[in-house]
Amino acid sequence: MSTIPDAASGTARTQSAPRRVALAGGIGTLVEYYDFALYGYMATIIAPLFFPSDDPVAALLSTLIVFALAYVVRPLGGIFFGHIGDKYGRRKALMITIIGIGLANTAIGLLPTHATIGILAPTLLILVRVIQGFFAGGEVGGAATVIAEAAPPGKKAAFGAFVPMGTNGGFALASAVAGIVTGIATADQLNDWAWRIPFLIALPLTIICFLVRRTLPDIDKELDLSSKHSVPLLRVLRHYPGSLAKALGIGIAMQGGAYIGLTFMTIYLVNNLGYNRTNVYWLTTGIIILAVAAMPLTGRLSDRIGPLKVALIGILGYTILTYPALVVMGMGNFLFASIAYFFIMINMSFLQVASFTLSPQLFDDEVRYTGMALVTNFSVVIAGGSAPYVATLLVEKTGDLRSPYYFVLVASCIGLIAVATLWKQRKTLG
């Protein structure tokens, strides 16, 4: 197990403007997760356009399978860009990933629908999502890596919070854009052309992020790339299997709880509980903003008491609060449902900050990008991209509106095991 060297002794890491690195990394993850979340938020609208069916649930499930498919290819992108980041530099990898993600999301807004070109429409949608998933595989793990390496001593969590602030800011932005478009456009306009607008907005966002990342300092200058003649993936698998397993366990708990709240909950509140779609979009936006606003505070708390304790707070919060929150949501009162939603999502503020602080410390410079890419992508495949599909299927098959809780419970138990295996090291992980 490795800890990240303090950026305090005159090295380039001290001189590399940590706040600029954190800002560039955070903006990149915002664009990535705007792109990915948008598809989930627009799923109920685009489902009949690309997967027409007499059964609306079947059409929605087909759309969510494509949502999950993009996550399945993310590990391949993580391996590829992890190799580039560990052998040829973090900056190159991060510049390429953001361009690929943004252009792919823009392409979705330009696709013809099933009514225009038939079966070719969902085929092209699947292709674009796979490409998007490949590029996204190198983004958030890379951002977490460079921010962790630039963070000043004693502020690893405060700076690490920029990653989940960016990812969840992307979800909030996507929800807000979806809320504006669905609130202004009529149903006919949405089905005709207005559904494209949120996807096309990805292009200017990508340009802005690219320009910000061009100003990044030399973040690779002082890295120890002693294994530059080896294959980073093989080195991680041979020398860091324990680190991978522990970080993956925490990642599964983090992604499982987060994606139930970030993607499934919108579908659940609209389709299963009958709340107004536009109101739900704005509720989701507000709840996510509150969770993001809490992250600097949980970052400071983590720097004070340690990220493992903060991770434990988040996991136990998901385990204890999710089921009663789902019960309250089913009461039909939008205010009560909003409060219950908040009590699910506040746990994300604790667990995500802790996870993105802990995981980079488990890998050395020479493989950190690859290690983080593997952890973030496999955890999101296992418990993130699958969350809306599995949760929707659970409700459909069991008829139990609280059944998504069992998905969260399993993910949380895996996280608790990982925290327990790291507990003896809690004083060295900070």
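The values are calculated or read from the model by the stated rules, or taken from the named source; none is laboratory data. A quick note: this is a predicted structure, and the numbers were derived from the prediction, not measured. Reconstructed Cβ throughout: ideal geometry from the backbone, glycine too, with neighbour counts over all protein chains shown. What goes into the accessible areas is simple: the full protein's heavy atoms, side chains included, and nothing from ligands, DNA or RNA. Shrake-Rupley method; radii C 1.70, N 1.55, O 1.52, S 1.80 Å.
Considering only Arg277, Arg196, Arg304, the mean-square fluctuation computed in a Gaussian network model of the chain, springs between alpha carbons under 10 angstrom, is largest for Arg304.
For region 228-308, the fraction of 1.4 Å probe accessible surface lying on carbon and sulfur atoms is 58 percent. Computing Rg and Dmax of the Cα atoms in Å for the structure here picks out one of (1) 21.7, 67; (2) 20.4, 66; (3) 31.9, 103, namely (2).
How much accessible area per residue does region 75-205 have, in Å², with a 1.4 Å probe?
Values: 4420 Å² over 131 residues.
Heavy-atom SASA per residue in region 75-205 reads 34 Å².
Given the options Tyr323, Ile252, Leu234, identify the residue whose Cα lies farthest towards the positive end of the charge dipole of the chain (+1 on Cβ of Lys, Arg; -1 on Cβ of Asp, Glu). Among Tyr323, Ile252, Leu234, the one farthest towards the positive end of the dipole of the chain is Leu234. In a simple Cβ point-charge model (Lys, Arg +1; Asp, Glu -1; nothing else charged), region 55-189 has a dipole of about 560 debye relative to its Cα centre.
For a Förster distance of 45 Å, can you work out the FRET efficiency between the beta-carbons of Lys155 and Ala187, rounded to the nearest 0.05?
Values: r = 49 Å, r/R0 = 1.09.
That pair, Lys155 with Ala187, gives E of 0.35.
So which residue, out of Gly274, Gly166, Gly133, gets the largest mean-square fluctuation from a GNM of the chain using Cα contacts under 10 Å as springs? So, out of Gly274, Gly166, Gly133, the one fluctuating most is Gly274. Could you compute the FRET efficiency for Val328 and Gln425, with r as their C-beta to C-beta distance and R0 at 35 Å, rounded to 0.05? So the FRET efficiency works out to roughly 0.40. Largest GNM mean-square fluctuation across Thr357, Thr298, Thr398, computed for the chain with C-alpha springs under 10 Å, falls on Thr398. For region 251-324, the normalised intensity computed at q = 0.11, 0.13 Å⁻¹ comes to -0.35, -0.47 (log10 of I(q)/I(0), Debye sum over alpha carbons, equal scatterers, no solvent).
Among Leu216, Pro198, Ala311, whose Cα sits farthest toward the positive end of the charge dipole of region 168-312 (+1 at Cβ of Lys/Arg, -1 at Cβ of Asp/Glu, about the Cα centre)? Towards the positive end, the residue furthest out is Ala311. Scan region 65-135 for chymotrypsin sites (Phe, Trp or Tyr not before Pro) in coil per DSSP, keeping those whose Cβ has at most 14 other Cβ atoms within 10 Å, and list them by number. Passing sites in region 65-135 are Tyr88. The number of Lys pairs in the chain with C-alpha atoms less than 23 Å apart, excluding pairs fewer than 8 positions apart on the same chain, is 19.
Work out the length of the dipole vector of the chain about its Cα centre, built from +1 on the beta-carbon of each Lys and Arg and -1 on the beta-carbon of each Asp and Glu, and round it to the nearest 20 debye.
On the way: 29 positive and 20 negative charges, 237 e Å.
Roughly 1140 debye for the chain.
Would you work out the relative contact order for the chain, in percent, from Cα pairs under 8 angstrom that are 6 or more residues apart? Mind showing how you got there, number by number?
Numbers: 812 pairs, mean separation 119.6, N = 430.
Rounded, it is 28 percent for the chain.
Would you calculate a helix-derived [θ] at 222 nm for the chain, using -39,500 (n - 2.57) for each DSSP H run of n ≥ 4 and dividing by the full residue count, to the nearest 500? Intermediate values should be presented prior to the final figure.
Values: 22 runs with 319 residues, N = 430.
Theoretical 222 nm ellipticity from helices: -24000 deg cm²/dmol.
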